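Heads up: the structure comes next, in structure tokens.
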2 protein chains.
Amino acid sequence: MDDGANPIAPAEGGPLRIEATTGITGYRLRRAQLAVFQRFLAVFDSVTLRPAEYSVLVLIADNPGRKQTEIAEVLGIKRANFVTLVHGLENRDLVERLPLASDRRANALHLTQTGAAFLARIRLMHEGMEEDVVRRLGGPDARDQLFALLDRLT
Amino acid sequence: MDDGANPIAPAEGGPLRIEATTGITGYRLRRAQLAVFQRFLAVFDSVTLRPAEYSVLVLIADNPGRKQTEIAEVLGIKRANFVTLVHGLENRDLVERLPLASDRRANALHLTQTGAAFLARIRLMHEGMEEDVVRRLGGPDARDQLFALLDRLT
DNA sequence: TATTGTTATACTCTATAACTATA
DNA sequence: TATAGTTATAGAGTATAACAATA
């Protein structure tokens, strides 16, 4: 009846079987994204900038004078939450919100001179990060391949 | 001196330039991961299960009797936060925490009969999701390629 | 009526410190 | 002394509702 094993607490000691978990695409994507973001956070910690803030600065630089709503929507950020983010960048004198003649409800977003200089500097830091990513992936072709695969999921 | 353009508020109206943003690997990974998780949440909404909870059930099924800490660590969940997650599954009678003879500090995690039956059912739902993902990616080879690329980033 | 920016609020996820009981 | 589970708590990120000014 009882072969000697404890039916209540098997509890081996070896490594865990994780095959079923690592077969989950969402799980793999999350781990990879977290790994890349961790490195971003580590690199950008010295300039106190989060990934979303970096994207905002880049978007404003490439699209000066756009409304908050437009920038927020492209990044999938709710306009209510975008307010705090922009205020943070404004308080650091990186971004300014100017009145828009064509629509007095809206704020036109621009980089300040300080913001433009700051972005030029951190863009170099980011390029270094991306080069590292491409190196890890196995070259530019592998990066393009990854982007193509990721696009099919969105 | 003034050519008629408003220097304060250019504010075009066309689409935004987003090339610099979409060139960011972390950004692409985040968008793809969110898209996949959104679909997971939509599908699993009917059974009130979050992605992390699904992973926990799968891991316990494949590794019955392991300590909470072991399961949590594999998933990158802090043991403090794992307590609430496990209690939730225990309150739904999906998981039970049994005493461990070899270490009376620890809880050995097991699926209940209800939990095993529940997992068998939602595993089918998840397999359907994964098949859809593979289809979108372009087949099993494309999926394997994606996993290989993601692994190089972790 | 609808939209822009805003405030307030709440819920999830994540992170740390400190406690207890065991080891 | 270190570890397993726990509690409390705080910080991000994200979601909705409601308001004033303007369209």
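Observations on the model:
- Test: residue in the range A:76-88 that is over 16 Å from the mean Cα position of the chain (by Cα) and away from DNA strand D (no atom under 16 Å from the Cβ): no
- Looking across the range B:110-154, the residues that are away from chain A (no Cβ under 11 Å), among the β-branched types (Val, Ile, Thr) and over 16 Å from the mean Cα position of the chain (by Cα) come down to B:Thr112, B:Thr114.
- Counting only helices (runs of 4 or more DSSP H) that sit wholly inside the range B:50-128, those with at least 2 residues that are near DNA strand C (Cβ under 10 Å from one of its atoms) are B:51-62, B:79-91.
- The range B:64-109 - residue that is among the polar types (S, T, N, Q) and more than 22 Å from A:Gly14 (Cβ to Cβ) and, of those, nearest to the other protein chains (Cβ to nearest Cβ): B:Asn81
- Among residues of the range A:82-109, those that are crowded, with 17+ Cβ neighbours inside 10 Å, in contact with a Lys or Arg (Cβ under 8 Å, 6 or more places away or on another chain) and closer than 13 Å to A:Glu53 by Cα, counted: 1
- Selection of the range A:28-54 for residues being surrounded by 22 or more Cβ atoms within 10 Å (Cβ to Cβ) and either more than 7 Å from chain B (Cβ to nearest Cβ) or hydroxyl-bearing (Ser, Thr, Tyr) (or both) yields A:Leu49, A:Tyr54.
- Evaluated against (1) of a type in the set (Gly, Ala, Ser); (2) touching a residue at least 12 places away in the same chain (Cβ under 8 Å); (3) more than 12 Å from DNA strand C (Cβ to nearest atom), A:Gly139 falls short on exactly one condition, (2).
- Check on A:Leu146, assigned to a helix (DSSP H, G or I) and surrounded by fewer than 16 Cβ atoms within 10 Å (Cβ to Cβ): no
Rule-based calculations on the coordinates, nothing more; no lab input. What you see is a predicted model, and the numbers here were worked out from it, not measured in a lab. Virtual Cβ from ideal backbone geometry, glycine too; neighbours counted across all protein chains shown.
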